[in-house]
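Okay, structure first, notes after.
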Amino acid sequence: MKQIKNSYCCVGAMSGTSLDGLDLLVCELTYTQKKWSYTFIKCCTIAYSKTWLERLKTAPSLSGRALLLLHRQYGTWMGEAINSFLQDESIKPDLIASHGHTVFHEPDLNLNFQVGDGNMVAAQTGIQTVSDFRSLDVCLNGQGAPLVPVGDAHLFSNYSACVNIGGFANVSCQENDKRIAWDMCPVNYVVNRLVADKGLQMDKGGEVGRKGVVLPQLLQELNDLSYYQLDAPKTLSQEWVDKYFWKLIHASSHHALEDIIRTCYEHFSIVISHDLNNLVPDGSVLFTGGGVKNTFLIQLIAEKYTGNVSVPNEQLIDYKEALVFALLGVLRLRSEVNCWQSVTGADTDSCSGVINSGK
């Protein structure tokens with residue numbers, strides 16, 4: 001494939017920390033008049049079986065050998081899933097951009113690792129696959145995240161800022177001649193763990209939390225977490241939640257679950273609206289990610305944010321991250337910058353990702 005062509009048929013594959021499933025899309029990315037545009041062709045989410053949920057949840061505690069086996073086996077599973085997704089023979093992708101599933105994110109140790117071997121994806125599908133998007137940035141002393149702001153700037157520059165609410169909420173916006181971004185707070189990663197006690201995978205529409213009342217002491221303790229005082233660029237991780245956030249939740253476990261979740265929603269809405277009111281007080285902000293379907297949380301944010309909360313169609317809500325990683329994969333093939341130091345804090349911009357040849 002010639003890397004200098006200006007139209008690409010791409011598969012984007014994304015698995016987030018909230019473990020909702022594997023998001024897959026096929027899109028057409030086109031570069032004209034020095035601007036990128038996109039067209040959705042096909043998309044779906046493949047829910048994880050109980051076995052895969054457990055394997056991915058427990059991945060951080062595996063031995064080295066077991067983790068490598070998971071890396072290969074998950075890559076095989078993803079390749080098979082993509083093959084099934086691409087049953088329509090009229091779709092001929094130029095590449096697959098595969099994010100994998102994050103197991104470790106400890107940038108202070110120059111450590112970031114996603115399971116889902118790109119070589120296995122390429123071997124299963126016969127399609128060249130770009131994977132391992134974060135490692136180079138971490139090696140360059142960056143946070144390795146967030147990467148989505150590159151896509152925000154190229155595809156959604158008509159908005160004042162872009163917020164994605166998934167396992168974590170993150171924001172990106174333009175500041176003078178550079179893009180800035182950071183993780184704002186955890187969201188679904190916390191809520192999904194809490195509602196698991198009720199046998200639920202998620203708090204659909206925020207209905208569980210809606211029934212509770214705010215716990216003032218817990219709210220104050222969450223708001224006072226030192227992360228929120230740090231300057232950007234900054235990122236959150238599952239390890240941070242387990243060490244700091246969950247400690248406060250556990251200390252309040254004698255309260256009703258509905259009240260704890262309601263307090264978390266209040267906290268999330270305070271953090272998100274505070275950041276937006278400082279960044280773009282009169283702006284129009286694009287909200288995407290699975291957390292946007294939590295209508296109660298979005299209501300709380302809209303009540304506190306002085307600008308406009310823009311919620312797009314469901315397709316963009318669910319598949320924006322997969323779309324952006326498709327673009328990052330194309331930029332990697334073109335040997336163009338797809339990771340900005342202004343966002344991650346790295347020593348330099350980079351063209352990140354490993355290209356795995358197909359058959």
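The values are calculated or read from the model by the stated rules, or taken from the named source; none is laboratory data. Predicted, not measured: the structure shown is a model, and the values here were computed from it. Because the Cβ atoms are built from the backbone with ideal geometry, glycine has one as well, and the counts that use them run over all protein chains shown.
Considering each of D224, D231 in turn, give the residue that is more than 20 Å from the chain's Cα centre (by Cα) and at pLDDT below 95.
Values: D224 fails: at pLDDT below 95.
Exactly one residue qualifies, and that residue is D231.
Before we move on, is G307 modelled with pLDDT under 95 and either assigned by TED's automatic domain parsing to the domain that holds V171 or among the basic types (K, R) (or both)? Please lay out each step first, then the result.
Working: modelled with pLDDT under 95: no; either assigned by TED's automatic domain parsing to the domain that holds V171 or among the basic types (K, R) (or both): yes.
Considered against the rule, which asks whether it is modelled with pLDDT under 95 and either assigned by TED's automatic domain parsing to the domain that holds V171 or among the basic types (K, R) (or both), G307 comes out as no.
A quick yes/no check of all residues on (1) closer than 21 Å to V354 by Cβ; (2) modelled with pLDDT of 95 or more:
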site: L24; (1), (2): yes, yes
site: E28; (1), (2): no, yes
site: K34; (1), (2): no, no
site: I41; (1), (2): no, yes
site: L68; (1), (2): yes, yes
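Given the condition surrounded by 16 or more Cβ atoms within 10 Å (Cβ to Cβ), of a type outside the set (V, I, T) and over 19 Å from the mean Cα position of the chain (by Cα), answer yes or no: does some residue in segment 107-116 qualify?
no
Could you list all residues from segment 105-124 that are over 18 Å from M14 (Cβ atoms) and not acidic (D, E)?
So in segment 105-124, the residues over 18 Å from M14 (Cβ atoms) come out as 106-111, 119, 123.
If the condition is that a residue be over 18 Å from M14 (Cβ atoms) and not acidic (D, E), then P107, L109, N110, L111, N119, A123 are the ones that fit.
Residues of segment 343-359 being in contact with a strand residue (DSSP E or B) (Cβ under 8 Å, 6 or more places away or on another chain) and outside any loop (DSSP other than H, G, I, E, B), which ones? Don't jump to the end; show me each part of the working.
Taking segment 343-359 and keeping what is in contact with a strand residue (DSSP E or B) (Cβ under 8 Å, 6 or more places away or on another chain), we get 343, 346, 349-356, 358.
Within segment 343-359, V343, S350, V354, I355, N356 qualify.
For P186, only one of the following conditions fails: (1) under 13 Å from the mean Cα position of the chain (by Cα); (2) of a type outside the set (S, T, Y); (3) at pLDDT below 95. What is its number?
Among (1) under 13 Å from the mean Cα position of the chain (by Cα); (2) of a type outside the set (S, T, Y); (3) at pLDDT below 95, the lone unmet condition for P186 is (3).
Of the residues in segment 293-309, how many are in a strand (DSSP E or B) and surrounded by 18 or more Cβ atoms within 10 Å (Cβ to Cβ)? Even if it seems obvious, please write down each step before you answer.
So the first thing to find is which residues in segment 293-309 are in a strand (DSSP E or B), and the list is 308-309.
Filter once more, so that each one left must be surrounded by 18 or more Cβ atoms within 10 Å (Cβ to Cβ): 309.
Total satisfying the criteria: 1.
Taking interchain pairs and intrachain pairs at least six residues apart, which have beta carbon atoms under 7 angstrom, with the first residue in segment 252-264 and free of Cβ contacts under 8 Å to residues at least 40 places away in the same chain and the second surrounded by 15 or more Cβ atoms within 10 Å (Cβ to Cβ) and not basic (K, R)?
S252/L215; S252/L218; S252/I260
Output the helices (runs of 4 or more DSSP H) that fall wholly within segment 180-292 and possess 2 or more residues being under 26 Å from L53 (Cβ atoms), outside the structural domain of Q114 (by TED's automatic domain parsing) and not β-branched (V, I, T), or say none.
Numbers: elements: 188-195, 207-210, 216-223, 246-251, 257-279.
Hits in segment 180-292: 188-195, 207-210, 246-251, 257-279.
I want to confirm something. Restricting to segment 305-342 and keeping residues that are of a type in the set (G, A, S) and touching a Gly at 6+ places or on another chain (Cβ under 9 Å), which single residue is farthest from S37 (Cα to Cα)? Talk me through it step by step, then tell me what you get.
Of the residues in segment 305-342, the ones of a type in the set (G, A, S) are 307, 310, 322, 326, 329, 335, 342.
Filter once more, so that each one left must be touching a Gly at 6+ places or on another chain (Cβ under 9 Å): 307, 322, 326, 329.
On the way: G307: 26, A322: 15, A326: 12, G329: 15 Å.
Applying the filter and picking the extreme gives G307.
So which residues in segment 14-30 are assigned to a strand (DSSP E or B) and within 20 Å of I165 (Cβ to Cβ), if there are any at all? Give the steps one after another, and end with the answer.
Let us first name the residues in segment 14-30 that are assigned to a strand (DSSP E or B), namely 14-15, 22-30.
Once the filter is applied, which keeps residues that are assigned to a strand (DSSP E or B) and within 20 Å of I165 (Cβ to Cβ), segment 14-30 yields M14, S15, L22, D23, L25.
Name the residue that is nearest to E175 (Cα to Cα), counting only residues in segment 329-350 that are within 19 Å of the chain's Cα centre (by Cα) and surrounded by fewer than 22 Cβ atoms within 10 Å (Cβ to Cβ).
Only one residue fits best here, namely S342.
Listed here are the residues, each with its yes/no results for (1) in contact with a helix residue (DSSP H, G or I) (Cβ under 7 Å, 6 or more places away or on another chain); (2) surrounded by fewer than 16 Cβ atoms within 10 Å (Cβ to Cβ); (3) not β-branched (V, I, T).
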| residue | (1), (2), (3) |
| --- | --- |
| A47 | no, yes, yes |
| S61 | no, yes, yes |
| N83 | yes, yes, yes |
| A122 | no, no, yes |
| I127 | no, no, no |
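Can Y265 be described as within 29 Å of W340 (Cα to Cα) and either under 26 Å from the mean Cα position of the chain (by Cα) or modelled with pLDDT of 95 or more (or both)? Quick ask: steps written out before the conclusion?
On the way: within 29 Å of W340 (Cα to Cα): no; either under 26 Å from the mean Cα position of the chain (by Cα) or modelled with pLDDT of 95 or more (or both): yes.
No; evaluated as a whole, the condition is false for this residue.
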